[in-house]
1. When the chain is fully extended, how far beyond the present Cα-Cα distance does Glu193 get from Arg306, taking 0.36 nm per residue of separation?
2. With each pseudo-label sitting 7 Å past Cα toward Cβ, what's the Asp215-Asp244 distance in nm, one decimal?
3. Taking every Cα atom in the range 197-257, find the radius of gyration and the maximum pairwise distance Dmax, and write them in Å.
4. Going down the list Lys149/Lys243; Lys246/Lys316; Lys26/Lys216; Lys117/Lys211; Lys211/Lys329; Lys29/Lys216, which pairs span over 31 Å between their C-alpha atoms?
5. Give me Rg over Rh for the range 213-316, both radii from the alpha carbons and Rh done the Kirkwood way, two decimal places.
6. Kirkwood Rh, Cα Rg: Rg to Rh for the range 97-228?
7. With the contact rule set at Cα under 8 Å and sequence spacing of 6 or more, what percent relative contact order holds for the range 186-336?
8. Applying 1/(1 + (r/R0)^6) with R0 = 41 Å to the Cβ-Cβ distance of Glu225 and Glu23, what FRET efficiency is obtained, to the nearest 0.05?
Amino acid sequence: YSGGLFHNAFPTFFGMPVALSTEDLKAGKIEVAIVGSTADMNAVPGTRWAANYLRGFVNSSATYFTARGDGVQERSDSGFPMELYTFGSIHELRVADYGNIAMHQSSGERTVEEIRKVVGEILDGDAIPITVGGSHDGMYGLFLAAADKYGRHGYCIAHFDSHYDGASGAYGYYVHNGNGMYEVIYRDLVKAEDVVQVGVTSIGLYRSDCKYMTDKGMRYHYQAEIERDGWNTVMRRVLDDVKDCKNLLITVDIDVIAAAHMPGTGGREPDGPTPAQMLQMVRALAIQNNVILLDIAEYNPMLDSRSGQSAMVVTKLMAHFMTGLAARKRGITDPF
């Protein structure tokens, strides 16, 4: 229904059409498939509800319209401010809602395998997955899916997180929300030197952890570096770190963003980049690199403010990433 308000329709991400299989994605020539993660391995549960909450979330400062039946709308360039430009640019892409990935109630390992399977379906459909919601243990499933598609060492990782997620097995699990980076290196799914970590700040990072990253050849940018040298300088370093990466996987744990802006997550830290800085970062990476997947994890609507402060940021992260994809599709190469 052209021109219908978002809340009038069956809720999907950005009011986009639904796809349910690899065949759907190919038939619709879908370029981006947004899929909800329901993984919920946290001390404070709630990430399982994130995707469904976000589908119905409407930011009061903007009006979302449903897509036309073909999933495409045009964008006006006539003096629109950035936000309207951003949401209009999304419609230069063919985007679909791919539903939710089921979680296993008692096994993070089995949840990860389900994530691997569903994300693999999207990759096989030649679409870029955006996974949104669940706890960050799900990223190991994403790494497995990427290795299935592109081969071991066939991709790089940009990991934005307050925590370096390099712990080994713990809490009685081999897979949990604090060891995805350990598993991807230990299982030799990616070269350690092809991993860049940004925003690390947690007090849980010990000397042995730093030594592990250094010895393996991982690159990292602490929050302290951002505070010392400024965001623009560090952002340029990150872009330079991955500029030669053939296939880039981006995973964003939203607790990387300063807690004042991000109440809706269980791993809050007091410092970190601002929402505006992270929007700029994902948009720039999507312009500069061939991004094969964006993961936005650890949103918990049960912890969010009544106004949906964190939901707004998560929604905009998806939107600005797709704006970057649309710009790259147009032939724009300057990440700024």
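1. 36.5 nm
2. Those two pseudo-labels are separated by 2.6 nm.
3. Here Rg and the maximum Cα pair distance are 12.3, 33 Å.
4. Lys26/Lys216; Lys117/Lys211; Lys211/Lys329; Lys29/Lys216
5. 0.98
6. Using Cα coordinates only, the ratio equals 0.97.
7. For the range 186-336, the relative contact order is 22 percent.
8. For R0 = 41 Å, the calculated efficiency reads 0.35.
Taken together, the values in this text are just the output of simple stated rules run on the coordinates, not laboratory data. All figures in this text were calculated on a predicted structure; none of them were measured in a lab. Don't worry about glycine lacking a Cβ; one is built from the backbone with ideal geometry, like all the others, and counts go over all protein chains shown.
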